[in-house]
1. Can you work out the FRET efficiency for the pair A:Lys325 and B:Arg210, with r the C-beta to C-beta distance and R0 = 41 Å, to the nearest 0.05?
2. Relative to the longest principal axis of chain B, what angle (0 to 90°, nearest 10) does the C-alpha long axis of helix B:167-196 take?
3. What residues have an amide H closer than 5 Å to that of A:Thr276, excluding those fewer than 5 places away on the same chain, when H is modeled at 1.01 Å from N in the peptide plane?
4. Taking the Cα centre of the range B:114-206 as origin, sum charge times position over the Cβ atoms of Lys and Arg (+1) and Asp and Glu (-1), and report the length of that vector in debye to the nearest 20.
5. So if I place +1 on the C-beta of Lys and Arg and -1 on the C-beta of Asp and Glu, and nothing else carries charge, what would the dipole magnitude of the range B:43-291 be about its Cα centre? I want it in debye, nearest 20.
6. In peptide B:88-97, what is the residue-averaged number of other protein chain Cβ atoms found within 10 Å of each Cβ?
7. Which peptide among A:138-144, A:245-251 comes first, and what is the full order, when sorted by highest mean count of other Cβ atoms within 10 Å?
8. Restricting to DSSP H runs of at least four residues, report the calculated mean residue ellipticity at 222 nm for chain B, -39500 (n - 2.57) per run over all residues, nearest 500 deg cm²/dmol.
Amino acid sequence: MAQHTTLSPPAESSLDADAAGLLADAQAEFDRMMAEDSRIEPRDWMPGAYRKTLLRQISQHAHSEIIGMQPEANWISRAPSLKRKAVLMAKVQDEAGHGLYLYSAAETLGQSRDTMMADLIEGKARYSSIFNYPAPTWADMGAIGWMVDGAAICNQVPLCRASYGPYGRAMVRVCKEESFHQRQGFEILLELSNGSPEQKAMAQDAVNRWYAPALMMFGPPDDDSPNSKQSMAWNIKRFSNDELRSRFVGMMVEQVKVIGLTLPDDEIRFDEDTRTWQHGPLDWGEFQEVLAGRGPCNAQRLERRRQAHEDGAWVREAASAYAAKQRTKQMDEMDQVA
Amino acid sequence: MTGPSTSAAHEDVTTGVAGGDGNASATRITPGNALRPEDIALEVRTGAIRPTDDAAEYALRLGDDALILAQRLGHWISRAPELEEDVALGNIALDQLGHARSFLTYAGGAWDKSEDNLAYVRREHEFRSAHLVEQPNGDFAVTIARQFLISFYQYELYRHLMGSTDATVAAIAAKAVKEVDYHRDHSAQWVLRLGQGTDESRRRMIHGLRLMWPYVNELFDEDPLTLRLVASGITVAPAIIREEFDRLTGQVLADADLEVPDVPAAPGGGRRGEHSEHLGYILAEMQVLAREHPGANW
């Protein structure tokens, strides 16, 4: 051992200087990784604002998956064929799985699932507003799959390259499953469109109702989206809201012809100058209303989540208590062996 | 378990609505070539397989148990105590629905009826489900008690049915038994956790077992059909399965420091079309849309 010496504390100013120097090095390393478009992992240093932005985005995404289970779970018991029932069950189950990966990804940023769940139930956290619209008919299962999941795919495929490793990797699996979800929605609409006049009308009605809300899933127009710029600089977001929306419109325009239905927007056109798809005006006032909690199902969705969570409290407590007892038992057994 | 059963459901979509793989065999399953209801339907359509009336009646019982249970379990999806349980109960529901589709498709072969025809157009007294699977979900402990009883029963039954003289019944059972083995594990683990977790969970678990136990006897009832099926080697004597059921459920209960509830058995009657008061509501909900559009394709 080294000879004991009396350490005098370094002067405060030199400590600050060291810390500032370390911080500057870490920031420079982070900036270099952003410039190289490489990945940030949970143990890497990251700016507080980057962590906060990601945590907000990933947890909102997880909440959206969990709340998004409800309008579809609503139809599991009434699915009109056993095959459709099986496919719908598998789909809603996938969404619970997506919620799980995403909460796990968010946990790597230092917040527990319990805290995130509490924020959701208390109305402190947001989820995608699209799930505050009702699913009154079977055709909504088709429209949600084809349009809502379709929009989600446009949004999420670029997120597979998000700069935060756990998020990007979670999105790879999520996207694979989402593309199945979109196909099943497409197939439901196709079958309805080729069915009886009542079935076809049901399908067209659902497409009419979900069209504008699906387009608004990409968020406000670029001029009015203050956070987008920073997210793009951090390689979280790769394309702007309007770019993604345009891409989605282009996809639907072709597919709706195959389905044999129409989109409720006669202003859709391809603009040769900007090489983008243009659409009719969207009611952003309604978007803000639903976002502010005044949508058709906001209260219902949150209440259902709250109730499931509270009804399950005794089960979670029992599981923890049992696990603790098992650990004690194992330790006692090990003591006896020793 | 999540992998195989969900991916099987996913594959259905890619093969289209008509489905059915000419190279698959309803009576021969190989690794990576899981038996699907579409394959059974194809063999029924082409006349390659056709159940005897007795085998069809029997498949109807097994299919109805699985279908009604799937319908009950499906309600938990988006309402479970933990996300992991949304996935687990959804998975079990999906497995049961898969078994139901296979058994109903096979049963329908005797009467030229499809699985959907049997599920959506039959009336209440034409269903053959046991009262146990019709019981309401209750709280999580009630659902676990029901799962505990049905999964241990189904496991023993399917294990024996793998040796059935009816090759299709044997093939469906061979696929189902692997999945039900997981259902058994899931329910037994929860009986242990709830039985030994907290005072409240123990009280609820005991209550759940008391609510469900009256419907155990019906599962093992012998009637003229089962006697004929035993004689022809299509199924096994219920008393044989009962013995194993009692032994294995007894072990789990002992480990959980719980007892077999001392409650009178209910008479049952589901196999004769005499159902609990609950079934009417289950069918009303399940059939409403299909009945609104008779003959429609979905």
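1. 0.95
2. 20
3. Here the answer is A:Asp271, since their amide H atoms fall under 5 Å of that of A:Thr276.
4. The dipole magnitude comes to about 240 debye.
5. Here the range B:43-291 has a charge dipole of around 400 debye.
6. Details: counts 2, 2, 12, 4, 0, 6, 6, 1, 0, 8.
Going residue by residue through B:88-97 and averaging, the value is 4.
7. Values: A:138-144: 26.7, A:245-251: 20.4.
Descending packing order for the listed peptides: A:138-144, A:245-251.
8. Value at 222 nm, helices only: -21000 deg cm²/dmol.
Bear in mind these aren't lab numbers, they're just calculated from the coordinates by the rules spelled out. For clarity, every value in this text was computed on a predicted model and none was experimentally measured. Glycine gets a Cβ as well: all are built from the backbone with ideal geometry, and neighbour counts include every protein chain shown.
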